[in-house]
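First up is the structure itself, then whatever we jot down about it.
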Amino acid sequence: MKRNSQFSDVLHVLLHMAENDGPSTSEDLARAMQTNPVVLRRLMAGLREAVALMEADIDAGVMPLRGDRLFHLRVAEASENSPLLRVVTELFDERNKPLFERLGSHFENEANWRAAVEEHRRVVEAIAAGDAAAAREAMRAHLQLSHDRFIANWPSTAPALVPPAEAPRR
């Protein structure tokens, strides 16, 4: 079976961008990678496609899980880290199960998803601008903000349980 190296190419692009002081054009990066600039533009188009798919689903009143999954899988594949890719794949597979769908209906809303789309867009724009540090920071910020949005919507009204050793005797 032929191995798809498209996303390892994204990682390669990020490494070359990190070495440059200024923005990198697709022609510059293609020369460094000994490939055609069209290949690099297609890689960027794939990330933009994921963002556009998310926006279309939100506009249709649907949770944008397809585009979100596509975006994160493409980024994970770029790492060529098979355990990371497996974890990301499994996490997104869980989203299609009834329990997560039920949780999502309580915690996810249009405003949160639109915020995630904007965060994804920042990642893509930083990569397109040839700014690896900004791309890394944008992804880190997106993951943290996603976590923060989830936690902010988590109910905290239930009383905390105490360990059995600290519980009063009856």
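Do we have residue 41 as in a helix (DSSP H, G or I), more than 12 Å from the chain's Cα centre (by Cα) and among the charged types (D, E, K, R) here? So residue 41 passes the test. Inside the stretch 33-59, residues that are among the acidic types (Asp, Glu) and modelled with pLDDT under 75 make up a count of 0.
Any residue at all in the stretch 100-114 that is at pLDDT 95 or above, out of contact with any helix residue (DSSP H, G or I) (no Cβ under 6 Å at 6 or more places or on another chain), within 16 Å of residue 149 (Cα to Cα) and of a type outside the set (A, V, I, L, M, F, W, C)? Yes, the conditions are met somewhere in the stretch 100-114. Taking the stretch 55-146 as the region of interest, the helices (runs of 4 or more DSSP H) fully inside it that hold 3 or more residues being farther than 17 Å from residue 45 by Cα, of a type in the set (Asp, Glu) and open to solvent by 30 Å² or more (accessible area, probe 1.4 Å) are 82-94.
Identify all residues within the stretch 147-170 that are of a type outside the set (Gly, Ala, Ser), open to solvent by less than 100 Å² (accessible area, probe 1.4 Å) and modelled with pLDDT under 85; write none if there are none. Residues satisfying the conditions are 150, 151, 153, 155, 162, 163.
The values are calculated or read from the model by the stated rules, or taken from the named source; none is laboratory data. Predicted model, so just to flag it, every value in this text is computed and none were measured. In this analysis, Cβ positions are derived from the backbone assuming ideal geometry, glycine residues included, and neighbour counts consider all displayed protein chains. Accessible surface is based on the protein model in full, side chains and every heavy atom, while ligands, DNA and RNA are left aside. Shrake-Rupley method; radii C 1.70, N 1.55, O 1.52, S 1.80 Å.
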